[in-house]
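S.K.: Dumping the structure here so I can ask a few things about it.
The values are calculated or read from the model by the stated rules, or taken from the named source; none is laboratory data. Not measured: the values here are computed from a predicted model. So basically every Cβ, Gly included, is an ideal-geometry build from the backbone, and we count neighbours across all protein chains shown. Only protein heavy atoms, including side chains, enter the accessible area calculation; ligands, DNA and RNA are left aside. Shrake-Rupley method; radii C 1.70, N 1.55, O 1.52, S 1.80 Å.
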Amino acid sequence: NATSRRDAEGRVTGMVGIGQDITARIAQEQEYVRLIDTANAPIFGVDSDGKVTVWNKCAADVTGYQSVDTMGHHLVSEFITEDFRASVQEVLDRALQGTETANFEFPLITKDGRSRVELLLNATSRRDLEGRVTGMVGIGQDITARIAQEQEYIRLIDTANAPIFGVDTEGKVTVWNRCAADVTGYTADDTMGHHLVSEFITEDFRASVQEVLDRALQGKETANFEFPLITKDGRSRVELLLNATSRR
């Protein structure tokens, strides 16, 4: 802090400077920057205008965009796929208001334009020394491979030559493959979100099927359980031999 020095008549005779040793703070900030840049997770940050201020090596590796490509550019409008811009902007706005967001999935555009990187994001507010929010830092996890694996899992289930169905913890249908649709006449649209036992199991088997589901939801598998599924035409029923496995 530089202040003028004056004589008795108020004439400036020099300057007095009052300093503060910030060596340790600068060293700490440099270490913070180094840790971010060498982290094995994509990390990026934006200022209060949504412009990129942080873009680490891992973010560059997974997207192909180097920091020189991104710094000072608007994150949402230039690097987020159009279908996710509104939701990502909402997350940024929340962080800029001091509200953090955890485990938010969204895609980043890659530089080659032929693919996109799926990220699981934790968004944290960035603050200055006075505690004022100055921007957002996002720590991501590249889940592109995991999502591809899940999509392959879904494809294998849907094309299997055996009826496969799944329910959530409330017993509502979450999986109904093509073979299940073929043998019952009910399509996935007819069943998804509906209660399996009360709507698609014959009345005389509802209690026993519910018991099998309850056991699976407790982590106990059941093998070779025979039960009937109602068909859509109502004139017949399909007899199944079921193996029930917990989904985790």
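S.K.: Along the positive direction of the dipole of the chain (beta-carbon charges: Lys, Arg +1; Asp, Glu -1; about the Cα centre), which of Ile164, Phe79, Leu217 reaches farthest?
M.R.: Phe79
S.K.: Given an 8 Å cut-off on Cα distances and at least 6 residues of separation, report the relative contact order of the chain as a percent. Mind dumping the intermediate values first?
M.R.: Values: 426 pairs, mean separation 24.7, N = 248.
Result for the chain is 10 percent.
S.K.: Rounded to two decimals, what is the ratio between the C-alpha radius of gyration of the chain and 2.2 N^0.38 Å? Kindly include the intermediate steps, with their values, before the conclusion.
M.R.: Working: Rg = 29.2 Å, N = 248, 2.2 N^0.38 = 17.9 Å.
Here the answer is 1.63, to two decimals.
S.K.: Extending each Cα 7 Å along its Cβ direction at Arg85 and Ala145, get the distance between those two points in nm, one decimal.
M.R.: Using points 7 Å along Cα→Cβ, the separation is 3.2 nm.
S.K.: Same structure, new question: I need the peptides 148-157, 120-129 ranked by packing, meaning the mean over residues of other C-beta atoms within 10 angstrom, with the highest value on top.
M.R.: On the way: 148-157: 11.4, 120-129: 15.5.
Per-residue mean Cβ counts within 10 Å order the peptides as 120-129, 148-157.
S.K.: Could you give the size of the charge dipole of the chain about its Cα centre, using +1 on the Cβ of each K and R and -1 on the Cβ of each D and E, expressed in debye and rounded to the nearest 20?
M.R.: Values: 27 positive and 39 negative charges, 126 e Å.
About 600 debye.
S.K.: Using Cα positions and a limit of under 16 Å, work out the aspartates and glutamates in reach of Lys51, with same-chain residues fewer than 8 apart set aside.
M.R.: Those aspartates and glutamates meeting the cut-off are Asp69, Glu78, Glu90, Asp93.
S.K.: If the cut-off is 14 Å between C-alpha atoms, which aspartates and glutamates fall inside it for Lys220, apart from same-chain ones fewer than 8 positions away?
M.R.: Glu211
S.K.: Starting from the Cα of Arg215, move 7 Å in the Cα-to-Cβ direction to define the label point; list residues of segment 158-180 whose amide nitrogen is under 20 Å from there.
M.R.: Inside the label zone: 164-172.
S.K.: A follow-up question, please. For segment 181-235, report the translational diffusion coefficient in µm²/s to the nearest whole number, using Stokes-Einstein at 20 °C, 1.002 mPa s, and a Kirkwood Rh over Cα pairs.
M.R.: Values: Rh = 12.2 Å.
So the translational diffusion coefficient is about 175 µm²/s.
S.K.: Over the chain, with a Gaussian network built from C-alpha contacts below 10 Å, which listed residue (Lys57, Lys111, Lys172) shows the highest mean-square fluctuation?
M.R.: Lys172
S.K.: To continue, here is another question. What accessible surface, in Å², does a 1.4 Å probe find on Ile139, ignoring ligands, DNA and RNA and rounding to the nearest 10?
M.R.: Answer for Ile139: close to 80 Å² accessible.
S.K.: Going Cα to Cα from Lys57, which lysines come in below 21 Å? Please leave out same-chain ones fewer than 8 positions away.
M.R.: Lys111
S.K.: I'd like the distance separating the alpha-carbon centroids of segment 198-217 and segment 139-175, in whole Å.
M.R.: Cα centroid to Cα centroid, the span is 22 Å.
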